[in-house]
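The values are calculated or read from the model by the stated rules, or taken from the named source; none is laboratory data. This one's a predicted model, so the numbers in the text were calculated from it and none came from an experiment. Cβ: placed from backbone, ideal geometry, glycine included. Neighbour counts: every protein chain shown.
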């Protein structure tokens, strides 16, 4: 299989999709692109078709798709779908349920800590502002001076 050969993927998640060989790698592997993602692929997982296109080695995805469209191997709809998939803005990553539960739990714990701190502060403030009781100091009683005996 040489660069420019149109193939059909026979294995993996992209099974049945058209692709184009864009580079020959180590023995048994090629780099493919087209309706599939650009990736290294085992030659045993590809079914070659009689079609071959003239493209340069390591051609860009846009060039590959344009060549496939001109050869009428793919429709305009497939071409547009593949081209616009890169331009779509990426949304936030989905968060696992366990992670959400953990975040909620830690948020509650933080909230509880804040509440307890406020209660403790209020008690401290009450203690500081509570009127102090006057403690009467006892005056020392003067003892009469002892007289010397003669």
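Brief remarks follow.
- From 78, 101, residue being at pLDDT 70 or above, within 30 Å of residue 4 (Cα to Cα) and in a helix (DSSP H, G or I): 78
- Check on residue 21, modelled with pLDDT of 90 or more and either out of contact with any strand residue (DSSP E or B) (no Cβ under 9 Å at 6 or more places or on another chain) or closer than 15 Å to residue 82 by Cβ (or both): no
Conditions (1) surrounded by fewer than 18 Cβ atoms within 10 Å (Cβ to Cβ); (2) in contact with a helix residue (DSSP H, G or I) (Cβ under 9 Å, 6 or more places away or on another chain), marked per residue:
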{"site": "29", "(1), (2)": "yes, yes"}
{"site": "44", "(1), (2)": "yes, no"}
{"site": "48", "(1), (2)": "yes, no"}
{"site": "60", "(1), (2)": "yes, no"}
{"site": "63", "(1), (2)": "yes, no"}
{"site": "68", "(1), (2)": "no, yes"}
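- The range 106-119 residues that are without any contact (Cβ under 8 Å) to a residue 24 or more places away in the chain, paired with ones that are loosely packed, with under 10 Cβ neighbours inside 10 Å (beta carbon under 7 Å, 6 or more apart): none
- Tally of residues being buried (at least 17 other Cβ atoms within 10 Å of the Cβ) and part of a strand (DSSP E or B) across the range 32-42: 4
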